[in-house]
Every structure is written in C-alpha cells, then in structure tokens.
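The values are calculated or read from the model by the stated rules, or taken from the named source; none is laboratory data. Everything numeric here is computed off the predicted structure, so don't read it as measured data. So basically every Cβ, Gly included, is an ideal-geometry build from the backbone, and we count neighbours across all protein chains shown. Protein only, heavy atoms only, side chains kept; ligands, DNA and RNA dropped before computing areas. Shrake-Rupley method; radii C 1.70, N 1.55, O 1.52, S 1.80 Å.
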Amino acid sequence: FGVARRISAFCGDYRAGAGLDLSLDISDLQEGAQIMCPTLLVAGKSGFPARAGAPEALWGRFAPDFRAVLVDCGHFPMEEAPAETARALLDFFAEDL
C-alpha cells in the first residue's frame, strides 16, 4: 500500500468512529451486547481517549472480562511506549485464560 492509501484508510477509520461505529456502539450498549472473550485496552495516559474521559470505564461496559493498561504516553502507545505496550500484551496473553 502506498502512503496515500494508508492515510485514506486512517481517515476512514476515524470517520467511522465518529459516525457509523459510534451509532453501532450505542445500539450495542442499549441492547446489552457484550464481548465475551478476555479483552485488553492499552491506551496512553495523555492521549485523546484519556482526555475525552476514562477509556477504561467506557470500554469496560462492553466486556465482563475487561482489563485496561494506561501507559505514560500520548495517542499512539505502540509507537510512543513500545516496551510498556509489549509488556501489557505479554502479561495479558500469559494469564491463565
């Protein structure tokens, strides 16, 4: 994929998050739909999700087996805090699920 196609895909993802995805999430919450597998959120402490509220509180409503790890970075934990992100993933997958 070229750079233009990657940028287009990123923009499409953000656009869906503010529109179609949001309406589907609201509908799922109203219907009580749940993610029934262990779920992990890795987010930056100072990224957009953290500034918009408590991402762990929001996303925890979707999954009964939910864990959140907030790392000391901004919006892109994988790029800004790769060691902490890797540790969160390794710990999550190492658990006796």
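Some points to look at:
- Close pairs from segment 60-85: first over 23 Å from PHE10 (Cα atoms) and among the small types (Gly, Ala, Ser), partner part of a loop (DSSP other than H, G, I, E, B) and open to solvent by 50 Å² or more (accessible area, probe 1.4 Å), Cβ under 8 Å, at least 6 apart: ALA63/GLN34; ALA63/ILE35; ALA63/MET36; ALA63/CYS37
- Residue that is least open to solvent (accessible area, probe 1.4 Å), among those in segment 28-59 that are outside any helix (DSSP H, G or I) and of a type in the set (S, T, N, Q): THR39
- Among (1) β-branched (Val, Ile, Thr); (2) in contact with a Gly (Cβ under 8 Å, 6 or more places away or on another chain); (3) without any contact (Cβ under 8 Å) to a residue 24 or more places away in the chain, the one test that VAL3 misses: (2)
- Any hit, segment 19-27, residues being without any contact (Cβ under 8 Å) to a residue 60 or more places away in the chain, more than 14 Å from the chain's Cα centre (by Cα) and surrounded by 15 or more Cβ atoms within 10 Å (Cβ to Cβ): no
- Residues satisfying the stated conditions in segment 62-97, i.e. small (Gly, Ala, Ser) and not in a helix (DSSP H, G or I): ALA63, ALA68, GLY74, ALA81
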